[in-house]
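The values are calculated or read from the model by the stated rules, or taken from the named source; none is laboratory data. In this text, all values refer to a predicted model and were calculated from it rather than measured experimentally. Neighbour counts are summed over all protein chains in view; Cβ atoms, including those assigned to glycine, are modelled from backbone coordinates with ideal geometry.
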Amino acid sequence: MDLEQARFNMIEQQIRPWSVLDKTVLQTMSDIPRDIFTPESLVSMAYADVEVPIGHDETMMFPRIEGRMLQELEIDIDDECLEIGTGSGFVTACMATMANHVESIDIYDDFLESATQKFEKVNISNIQLSNQDALSMDNASKQYDAIAVTSSLPEYIPIFEQLLKPNGRLFIIIGIDETMHALKVVRKDNSFIRQSLFETKLKKMVGAKEITKFSF
């Protein structure tokens, strides 16, 4: 398999058509070898338009969703970032390439161990990993310029937006089943601007409460 050609096709056929036009985002996703962050047995799927399984019933996000998320976060080279859900580590690596520093948390220790090895392979060191439950994390005293949430919540709760600095940006996916949408939140002093971006679908965050569905 020609991984270089597959990577080029991912950018040109999946990510650009999804209105990802930011040059830094496109270059970052082109430069970082996604195949390194993909389970060895599934390398052939690394650049495909699929959610690649990584264990614990979790998956890598669609590349096009990763691209839109990185673009909406508007990450700057001086930014301090937080990622909720390390997973494979690919998005973490992209954020770290674009930012000053990234803190990333995950509930699964083996994801953190695997990601650490992959960061060493691509020579990225401005990342701090920790094992935490995002829904009970205790770091309210620290704030960030950009926060990426890589799993969905059934309904919006403002726990993560409180961790934003003024002008900070949060990307999160909200909803259940086929009614999910991506949401961008921007902090303006003590107020928050919440903008619905597009419809999509993403696995629910571990520990998030279910919502009762009504039928008529």
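I'd like to check something: does the stretch 123-136 contain any residue that is in a helix (DSSP H, G or I), at pLDDT 95 or above and surrounded by fewer than 17 Cβ atoms within 10 Å (Cβ to Cβ)?
Checked against the condition, which is being in a helix (DSSP H, G or I), at pLDDT 95 or above and surrounded by fewer than 17 Cβ atoms within 10 Å (Cβ to Cβ), the stretch 123-136 yields no hits at all.
When residue 61 is evaluated against the numbered criteria (1) touching a Cys at 6+ places or on another chain (Cβ under 9 Å); (2) surrounded by 23 or more Cβ atoms within 10 Å (Cβ to Cβ), which criterion, by number, is the only one it fails?
With respect to (1) touching a Cys at 6+ places or on another chain (Cβ under 9 Å); (2) surrounded by 23 or more Cβ atoms within 10 Å (Cβ to Cβ), residue 61 is out only on (1).
With the stretch 1-93 as the region, which helices (runs of 4 or more DSSP H) entirely inside it contain at least 3 residues that are within 16 Å of residue 151 (Cβ to Cβ)? Show your work before the answer.
Values: elements: 3-9, 23-31, 63-73.
Per the criteria, 63-73.
Under 8 Å between Cβ atoms, which residue pairs at least 6 apart in sequence (or on different chains) link something in the stretch 149-167 that is basic (Lys, Arg) with a partner that is not in a strand (DSSP E or B)?
That search, which allows pairs on different chains as well, returns 165/143.
So, in the stretch 31-47, exactly how many residues are surrounded by fewer than 23 Cβ atoms within 10 Å (Cβ to Cβ), of a type outside the set (Val, Ile, Thr) and either touching a residue at least 40 places away in the same chain (Cβ under 8 Å) or within 18 Å of residue 119 (Cβ to Cβ) (or both)? Quick ask: steps written out before the conclusion?
Step one: filter the stretch 31-47 for residues surrounded by fewer than 23 Cβ atoms within 10 Å (Cβ to Cβ), giving 31-33, 35-36, 38-45.
Checking which are of a type outside the set (Val, Ile, Thr) leaves us with 31, 33, 35, 39-42, 44-45.
So of that shortlist, the ones also either touching a residue at least 40 places away in the same chain (Cβ under 8 Å) or within 18 Å of residue 119 (Cβ to Cβ) (or both) come out as 31, 33, 35, 39-40, 44.
So the count comes out to 6.
Taking the stretch 176-195 as the region of interest, how many residues are within 21 Å of residue 134 (Cα to Cα) and at pLDDT 95 or above?
9
Going through the stretch 104-114 one residue at a time, which ones are touching a Leu at 6+ places or on another chain (Cβ under 7 Å) and either part of a loop (DSSP other than H, G, I, E, B) or crowded, with 22+ Cβ neighbours inside 10 Å (or both)?
104, 106
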